[in-house]
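A quick write-up on the structure given underneath.
The values are calculated or read from the model by the stated rules, or taken from the named source; none is laboratory data. Treat the numbers as computed from the prediction; the structure is a model and nothing was measured. Methodologically, a virtual Cβ is constructed for each residue, glycine included, from the backbone with ideal geometry; neighbour enumeration extends over all protein chains shown.
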Amino acid sequence: MSHVQKQILDRVVSDLTGLSATGSRVYRSSEHPVTTATMPGLSVSLGEELAGEGSISATIKVVRLTVLVCVEGDDFDVSTKVLADIEAALYGDYSAGRYVAGLALSVLYRGCSREYVTSTAVRHTRLTVQYDVEYQTMDGAAETAL
Amino acid sequence: MSVIVDIEEALKDRLGATIAGVPALVRLMRKTDNSVEAVPVKIESYPKQPSDQLLLTLAESGAVVVRYTGSTYSARRDVGAVSVQDRVMVYEVLVFSKSLQDRNSGAGIYELLDLCALRVIGYKPAGCVDGIELIRDDYVEEQKGSWTYGLLFSVKTQTIRVV
């Protein structure tokens, strides 16, 4: 078994692999290589985690999911298409009232920043897309999502 | 082959190429019968053993010389199996001429400098990831009425290793 965070990250990477514009160019990282061969592409990482509500013996946890989208050039069409694909993939992984292969209680979109980066060798559009993923574990059992 | 040499060769080709809307790099020579002939300006790599005499000869005929001056690298990005560093390579075009401005001969150094800049700006040699950016031009030296100016510009490449 592994920490539920890792299980969530593994599943999200799987969900986001094979999207129409980004294909297999998905990296489990907070950074992106930013080369012509790796764009358009995604880098997926988990960040800060906060405690939400819970019960005496269980805790709801909210972990920040960041998807970094890198698209060569100042491209609005491709980058917005990627955004739509990500949203469809994440919310499409839903069954029996749960998200992310049953690991998450909810997935909440938190926003997206857009930047055109000219300081790298390959000029590119960089979108930082953020979601909050809410899951619950029994106290002392961080490897099993309730 | 080396990336440095490949790009230098591409730059020489570009400087000597026919480009729509951009005048050729020529000097006009008046022949003994008083007719005028357009002679291409020499485009070469920097001499392996430059001497004052050789540089004077280049100025006499009007010449454009290309050389690589160095690179700077970004911080390394390691993502999965990929290690990447952006590389900004700087080249210099040295322009040699006997005159500063000579509209009649078509080989005044000011005109040659401007034409070189027009020929390389935005040009993306094979293997580069962005077009050329001009940095600056400036006076290099004057010897016995022979002038040398330099045009500096950069191209961007990447050094990539996939494990």
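Does A:Val129 satisfy the criteria of being touching a Cys at 6+ places or on another chain (Cβ under 8 Å) and under 29 Å from B:Val84 (Cα atoms)? Yes; evaluated as a whole, the condition is true for this residue. For B:Tyr68, the conditions (1) within 14 Å of the chain's Cα centre (by Cα); (2) assigned to a strand (DSSP E or B); (3) at pLDDT below 95 all hold with the exception of (3). Flag not set for B:Asp78, criterion: in a strand (DSSP E or B) and crowded, with 18+ Cβ neighbours inside 10 Å.
Here A:Lys61 clears all of (1) of a type in the set (D, E, K, R); (2) under 14 Å from the mean Cα position of the chain (by Cα); (3) assigned to a strand (DSSP E or B) except the condition numbered (2). Evaluation of A:Arg64 against the conditions (1) in contact with a strand residue (DSSP E or B) (Cβ under 6 Å, 6 or more places away or on another chain); (2) more than 14 Å from chain B (Cβ to nearest Cβ); (3) closer than 26 Å to B:Val82 by Cα; (4) buried (at least 18 other Cβ atoms within 10 Å of the Cβ) shows that the sole unmet condition is (4). Of all residues in the range B:62-83, those being within 24 Å of B:Leu151 (Cβ to Cβ) and touching a residue at least 24 places away in the same chain (Cβ under 8 Å) number 9.
Scanning the range B:142-163 for residues that are part of a strand (DSSP E or B) and either within 12 Å of another protein chain (Cβ to nearest Cβ) or at positive phi (or both) yields B:Ser154, B:Val155, B:Lys156, B:Thr157, B:Gln158, B:Thr159, B:Ile160, B:Arg161, B:Val162. Given the options A:Ser79, A:Ser30, A:Ser43, A:Ser57, name the one that is crowded, with 17+ Cβ neighbours inside 10 Å, under 28 Å from A:Tyr135 (Cα atoms) and in contact (Cβ under 8 Å) with a residue 12 or more places away in the chain. Step by step, each of A:Ser79, A:Ser30, A:Ser43, A:Ser57 is checked, and only A:Ser43 is crowded, with 17+ Cβ neighbours inside 10 Å, under 28 Å from A:Tyr135 (Cα atoms) and in contact (Cβ under 8 Å) with a residue 12 or more places away in the chain. I need a count of the residues in the range A:85-105 that are surrounded by fewer than 17 Cβ atoms within 10 Å (Cβ to Cβ) and either of a type in the set (S, T, N, Q) or over 13 Å from the mean Cα position of the chain (by Cα) (or both). Qualifying residue count for the region: 7. Against the test of being of a type in the set (Val, Ile, Thr), closer than 30 Å to A:Ala121 by Cα and part of a strand (DSSP E or B), the options A:Val78, A:Val67 yield a single qualifying residue, A:Val67.
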